[in-house]
Amino acid sequence: MKGGSTVFFPNDLRITNMTMLTSEFKKSESIFVPGRIHHGLTFRISGRISILPEGSDKKIYSDKNCITYIPKGCSYTTEILEDGKMLILHFETENDIPELSPFVYKPTYPIAFENMFRGLADRMRTTGHTWDYACLSMAYEIFANLSHELSDNLPRIVPKRMRAIKNHIDENYANRGISIPQLSDMCGISAVYFRKEFKECFGASPLEYIKNVRIENAKGLLSTGMYPISEVATRCGFDSISYFSYEFKRKCGESPGEYAKRFEEIKS
């Protein structure tokens, strides 16, 4: 599901309870999951599953980097097709959410959503798996960003070669040798046409997309507090600390050091 005017929650969504889990699953046969009292929103880090909502004859599939929504009260049958790991947000609301079927969505920048889910999971661990206003703010940030993507992105059919290139960038962003000539050769088209087609598919030029992926991964590393800024820059494919700091501040509005410090304060 992508684009259109659909959102799965109202603008005045009021969360009354939530829990955050990190779960690992092994390949298994189909199992039936009865409807639950909470809504479920997950980010799949790895693996693949199928979901068959009760009363439907059409399966949906959740793969690596996908967000999956299961409404409150929805029973379904699921099969774990590949071993995997996912971050799970269960939440209850004071007001009703418009009735929707379960759906799977792969965001444009999956690492950004993974960082948001991980940040919420880290925060809930520090609070003893209860939620506070900081947790609530992080949850609303996930909903806001997902709503923005689902509401504002125009539906588009992405050619297979563009999907393959995007996956290649997502997996090899740390390689400083990634270039437009290399990527266009992989597609078998000219560099000029490659830039045009890529931007039409993903809303950003190839170079801007690469920088965005690198910055989002850098945010994930900085939030752990485990790496110096120089190492983060190297791990994320930047040629120098100065260039990394410039691009980070241009995109995020603060320096890498200022961003990392915010997470130190949350964990203290």
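The values are calculated or read from the model by the stated rules, or taken from the named source; none is laboratory data. Since the model is a prediction, treat every value here as computed from it, not as a measurement. Here Cβ is always computed from backbone atoms with ideal geometry, including for glycine, and neighbour counts include all displayed protein chains. Keep in mind that these areas ignore ligands, DNA and RNA; they rest on the heavy atoms of the full protein, side chains included. Shrake-Rupley method; radii C 1.70, N 1.55, O 1.52, S 1.80 Å.
Details
- Condition met for Thr234 (polar (S, T, N, Q) and at pLDDT 90 or above): yes
- Screening the range 87-124 for residues that are among the polar types (S, T, N, Q) and outside any loop (DSSP other than H, G, I, E, B) and picking the one that is farthest from Arg44 (Cα to Cα) gives Thr93.
- For the range 70-79, a residue qualifies if it is open to solvent by 40 Å² or more (accessible area, probe 1.4 Å) and touching a residue at least 40 places away in the same chain (Cβ under 8 Å), and the qualifying residues are Thr77, Glu79.
- Within the range 173-198, if we keep just the residues that are touching a residue at least 60 places away in the same chain (Cβ under 8 Å) and farther than 18 Å from Ala112 by Cα, the residue that is least open to solvent (accessible area, probe 1.4 Å) turns out to be Asn175.
- Ala260 falls short on exactly one of the conditions (1) of a type in the set (Gly, Ala, Ser); (2) touching a residue at least 12 places away in the same chain (Cβ under 8 Å); (3) under 25 Å from Lys64 (Cα atoms), and that condition is (3).
- Residue that is nearest to Leu150 (Cα to Cα), among those in the range 200-209 that are assigned to a helix (DSSP H, G or I) and either among the β-branched types (Val, Ile, Thr) or modelled with pLDDT of 90 or more (or both): Tyr209
- All positions within the range 63-86 that are closer than 19 Å to Leu150 by Cβ and not in a loop (DSSP other than H, G, I, E, B): Ile67, Thr68, Tyr69, Ile70
- Residue in the range 199-222 that is within 22 Å of the chain's Cα centre (by Cα), closer than 26 Å to Phe117 by Cα and among the aromatic types (Phe, Trp, Tyr) present: yes
Okay, residues lined up against (1) open to solvent by less than 50 Å² (accessible area, probe 1.4 Å); (2) in contact (Cβ under 8 Å) with a residue 24 or more places away in the chain:
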| position | (1), (2) |
| --- | --- |
| His39 | yes, yes |
| Ile45 | yes, yes |
| Ile51 | yes, yes |
| Glu54 | no, no |
| Tyr61 | no, yes |
| Thr68 | yes, yes |
| Gly84 | yes, yes |
| His90 | yes, yes |
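- Of residues in the range 217-239 being touching a residue at least 12 places away in the same chain (Cβ under 8 Å), of a type in the set (D, E, K, R) and surrounded by fewer than 22 Cβ atoms within 10 Å (Cβ to Cβ), the one nearest to Arg123 (Cα to Cα): Arg235
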